[in-house]
1. Only four residue types carry charge here, +1 at the Cβ of Lys and Arg and -1 at the Cβ of Asp and Glu. Report the dipole size of region 32-82 about the Cα centre in Debye, rounded to the nearest 20.
2. Once the Cα atoms of region 1-126 are picked out, what are the Rg and Dmax in Å?
3. Hey, which lysines would be in cross-link range of K38, C-alpha to C-alpha under 28 Å, not counting anything within fewer than 8 residues on its own chain?
4. How large is the charge dipole for region 37-180, taken about the Cα centre, if only the Cβ atoms of Lys, Arg (+1) and Asp, Glu (-1) carry charge, to the nearest 20 debye?
5. Treating cross-link reach as a plain straight distance, find the lysines whose alpha-carbon is under 29 Å from the alpha-carbon of K168, omitting any fewer than eight places away in the same chain.
6. Expressed as a whole percentage, what fraction of the accessible surface of the chain belongs to carbon and sulfur atoms when a 1.4 Å probe is rolled over the protein heavy atoms?
7. Give me a comma-separated list of calculated 3J(HN,Hα) values for region 162-178, in order, Karplus coefficients 6.51, -1.76, 1.60 applied at θ = phi - 60°, integers in Hz, x for any Gly or Pro.
8. Only four residue types carry charge here, +1 at the Cβ of Lys and Arg and -1 at the Cβ of Asp and Glu. Report the dipole size of region 68-133 about the Cα centre in Debye, rounded to the nearest 20.
Amino acid sequence: MSKKKGLSAEEKRARMMEIFFETKDVFQLKDMEKIAPKEKGITAMSVKDVLQSLVDDGMVDCERIGTSNYYWAFPSKALHARKRKLEVLESQEERTMLVKELSSLQQQREQLKAEVEKYKECDPQVVEEIRQANKIAKEAANRWTDNIFAIKSWAKRKFGFEENKIDKNFGIPEDFDYID
């Protein structure tokens, strides 16, 4: 006395798809409820649920024409679905590889930027900018030196101070002179 074990949901789905692929025909629900139990051993009560799950997953097409629902699935559609899924997986793998490559290239770019920054003082443009800045600073320093000499001269004439006392009181070094 053996107990007959029922089919799992996946087995029912696979067997239902076999019906569509073998017959390559269009069915109504009542047709499937007759055929599935006879040919594939799917209980008539579960045919509607299995069929709806296949429709929900896009494996079986369903169209309402008038008051009836018609169901069909052709092997070529399943093949195309598998090919599309494979293409999606390949594009995801390709995207992952491209993201890794992008990350690597960005890291390399940062390293190269750091290296360029290290040698920036050797850049002819930067060297020229430094020379121009030095020239402007030298002109400014000489202008202030000129101003100091003018004030010292004015103080000597106006108050009769000696030059070394002016230098001492204002902290002007003895070797104070223009920059060459």
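1. Values: 7 positive and 7 negative charges, 33 e Å.
In debye, rounded to 20, region 32-82 gives about 160.
2. Final numbers for Rg and Dmax: 28.3, 98 Å.
3. Straight-line reach from K38, under 28 Å: K3, K4, K5, K12, K24, K30, K48, K77.
4. 540
5. K168 reaches K138, K152, K156, K158.
6. Working: 8050 of 14780 Å².
Carbon and sulfur atoms account for 54 percent of the accessible area of the chain.
7. Here the 3J(HN,Hα) series is 7, 5, 5, 6, 4, 4, 5, 5, 9, x, 8, x, 5, 8, 5, 7, 5 Hz.
8. The calculated dipole for region 68-133 is roughly 760 debye.
The values are calculated or read from the model by the stated rules, or taken from the named source; none is laboratory data. The shown structure was predicted, so the numbers you read here are calculated from the model rather than taken from an experiment. Here the Cβ is made from the backbone with ideal geometry for all residues, glycine too, and neighbour counts use every protein chain on show. Side chains are part of the model used for accessible areas, which takes the heavy atoms of the whole protein and leaves out ligands, DNA and RNA. Shrake-Rupley method; radii C 1.70, N 1.55, O 1.52, S 1.80 Å.
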